[in-house]
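K.L.:
Structure incoming, see below.
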Amino acid sequence: MNYFAHGRAWLDDPYYLAGTAVPDWLNVSDRGVRVRARQAAAWIDDADPPLAALARGIVQHHHDDAWFHDTAAFNELQWRLAAMIRATLGPDDSLRPSFLGHVLVEVLLDAALVVEEPSLLDDYYAAMAAVDAATVERGVNRMAARPCARLAWFIEAFSAERFLYDYADDGKLWFRMNQVMRRVGLPALPENFTSLLPEARRLVTEQRHRLTTAPLADAMPLHSTPLHSTPSPSTTSHPG
């Protein structure tokens, strides 16, 4: 899952929301730093409400990633998109097609969810604006085995840049994906990459409910009832 899918159900609790973003923020700001679910779980009942909420959000992130990446819909789509990437860009012996297939499912799911409820992305950023970045960094440094140094800076940049809005536009998404390529050391994407995005969007949008419905056995009530959920005949959609 990406930022919006992880956090859209927790807009009433800014530090919980921030916790759902922490593992992905650290992948950019301090790539050697990790906060595992077991590390965060030790803090979910802390007397400091922001710290406890942050910890619960981090545990939520790891829990949701586990079931999401195990769904048939995610695995079918990531390999289908990887095949489309190879067909469009030509032979590629690097990990780029499979990596891109994985990432595209996640960012295009965010885009599809925003299309369903456009105002929620404004609400998402408004909730993030209520978070003190230095408080989040201090909390993460209490949980992690090694300290981070750039997280507070990145949280402020994340809120200012608002790049989640760019996922709706093919050209802007190409630019953002090339930022990811540079960060992970993979070759840049040529402009014709954008030609596969309309079909990729359609495929992910069609599967958005399968992608956001957790198995009933994976329910994890760390929080009050989520603000936004999608029922299905046999189970309840777990928040992203």
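K.L.:
So, with a 1.4 angstrom probe, what is the percent of accessible area on segment 104-190 that is carbon and sulfur? Before the final figure, lay out each step's value.
P.N.:
Values: 2200 of 4100 Å².
Ligands and nucleic acids excluded, carbon and sulfur give 54 percent.
K.L.:
Can you tell me the 0 to 90 degree angle between the C-alpha axis of helix 151-161 and the longest principal axis of the chain, rounded to 10?
P.N.:
Taking the Cα atoms of the chain, the angle to 151-161 is about 50 degrees.
K.L.:
Need one number: nm distance between label points at Ser195 and Lys172, each 7 Å from Cα along Cα→Cβ, rounded to one decimal.
P.N.:
The two pseudo-label positions are separated by 2.5 nm.
K.L.:
Volume per residue, Å³, of the convex hull around the alpha-carbon atoms of the chain? If you can, show how the numbers build up before the last one.
P.N.:
Working: hull volume 28.8 nm³, N = 240.
It is 120 Å³ per residue.
K.L.:
Now for a different question. How fast does segment 42-130 diffuse by Stokes-Einstein, in µm²/s, taking the Kirkwood radius from C-alpha pairs at 10 °C and 1.306 mPa s?
P.N.:
Values: Rh = 15.8 Å.
The diffusion coefficient I find is 101 µm²/s.
K.L.:
To the nearest 500 deg cm²/dmol, what mean residue ellipticity at 222 nm is calculated for the chain from DSSP H runs of n ≥ 4 alone, each contributing -39,500 (n - 2.57), summed and divided by the residues? Present the calculation step by step, with values, prior to reporting the outcome.
P.N.:
Details: 12 runs with 147 residues, N = 240.
Helix-only estimate at 222 nm: -19000 deg cm²/dmol.
K.L.:
Could you state the angle between the C-alpha long axis of helix 96-116 and the longest principal axis of the C-alpha atoms of the chain, as a value from 0 to 90 degrees rounded to the nearest 10?
P.N.:
Value to nearest ten degrees: 70.
K.L.:
For the chain, what does the accessible surface come to per residue with a 1.4 Å probe? Please give it in Å². Walk me through the numbers on the way to the answer.
P.N.:
Values: 10780 Å² over 240 residues.
Accessible surface, normalised per residue, equals 45 Å².
K.L.:
Something else about it: So who's got an amide H within less than 5 Å of the one on Leu11, skipping anything under 5 residues away but keeping other chains? H placed 1.01 Å off N, in plane.
P.N.:
Distant-sequence amide H within range of Leu11: Leu227.
K.L.:
Right, something else. Can you tell me the 0 to 90 degree angle between the C-alpha axis of helix 133-143 and the longest principal axis of the chain, rounded to 10?
P.N.:
80 degrees
K.L.:
Next question. Provide the per-residue ³J(HN,Hα) series for segment 79-85, in order, calculated from phi with Karplus coefficients 6.51, -1.76, 1.60 and θ = phi - 60°, each as a whole number of Hz, with x at glycine and proline positions.
P.N.:
The phi angles translate into 6, 5, 5, 4, 5, 5, 5 Hz.
K.L.:
Mind checking Rg over Rh on segment 135-191, alpha carbons, Kirkwood formula for Rh? Don't jump to the answer; show the numbers that get you there.
P.N.:
Numbers: Rg = 14.9 Å, Rh = 13.4 Å.
Answer for segment 135-191: 1.11.
The values are calculated or read from the model by the stated rules, or taken from the named source; none is laboratory data. Everything quoted here is computed from the prediction, not taken from an experiment. Neighbour counts run over all protein chains shown; Cβ positions are idealised from the backbone, glycine included. Each accessible area value is taken on the protein alone, full model and side chains, heavy atoms only, with ligands, DNA and RNA left out. Shrake-Rupley method; radii C 1.70, N 1.55, O 1.52, S 1.80 Å.
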